[in-house]
């Protein structure tokens, strides 16, 4: 694709995302305020029953706690949806992918270690620079890392591998997890589709939306029972 074509595609994506973001913002306003009011009243009720003296009051406190969990899940789902829908105009800057990956490894490393995951970076020196909105791109990477973490409930190995070729830069996130079932592989980038109980189904679609906005491609290869590799393919930055 020519530079002019890539720029036109990026502008079109930004226009479409802006429409969705405007819709999401209105929806969030209509939902978030009542949720906040509900959560506040549940907190006040919980305080009233904190010194429960009989079985009836203790059951009431348990029910309030369950309702608070539901509200917190709804608020989390709403925030995930806003992240999925909101793609601001990208603040693109020439970025050394290896430096960005090292930032992610430093940030995520303690969490990985706590989950018995061995995290390794294998990014070649001298990769071409890429044009990135660093904050947005790190969000996409973090979503992919969390997805890998959920695929390795007993721990495993997680590798971030960077390579180059044909004027493109590729970053693969490779795990040794449970893999993706063939019938789910074509659906994982669909909003609200999730194979994990309690998942919002927006982590991978959000990652793909961010990669798309960078004129990149996000692909996946997986072997059931052996692991999964997500690969981000980006154009090298123009000199």
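Every number here is computed from the coordinates shown, using simple stated rules; none is lab data. Model, not experiment: these values are computed from the prediction. FYI the Cβ positions are ideal-geometry reconstructions off the backbone, even for glycines, and counts take in every protein chain you see.
Results, tabulated for the structure shown:
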quantity	calculated
Estimated distance in nm for a label pair at residue 168 and residue 238, the labels positioned 7 Å out from Cα along Cα-to-Cβ	2.0 nm
Cα gyration tensor shape for the range 167-239, rounded if a/c is under 1.5, else prolate or oblate	oblate
Projected label distance in nm at residue 193 and residue 41, using a 7 Å step from Cα toward the beta-carbon	3.8 nm
Calculated FRET efficiency for the pair residue 111/residue 224, C-beta based, R₀ 25 Å, to 0.05	0.45
Extension gain (nm, one decimal) between residue 75 and residue 51, 0.36 nm per residue minus Cα-Cα	5.9 nm
For 214, 150, order by how many other beta-carbon atoms lie within 10 Å, fewest first	150, 214
Kirkwood Rh in Å, taken over the range 93-235 so that all alpha-carbon pairs contribute	15.2 Å
Per-residue Cβ neighbour rank within 10 angstrom, fewest leading, 219, 194, 154	154, 219, 194
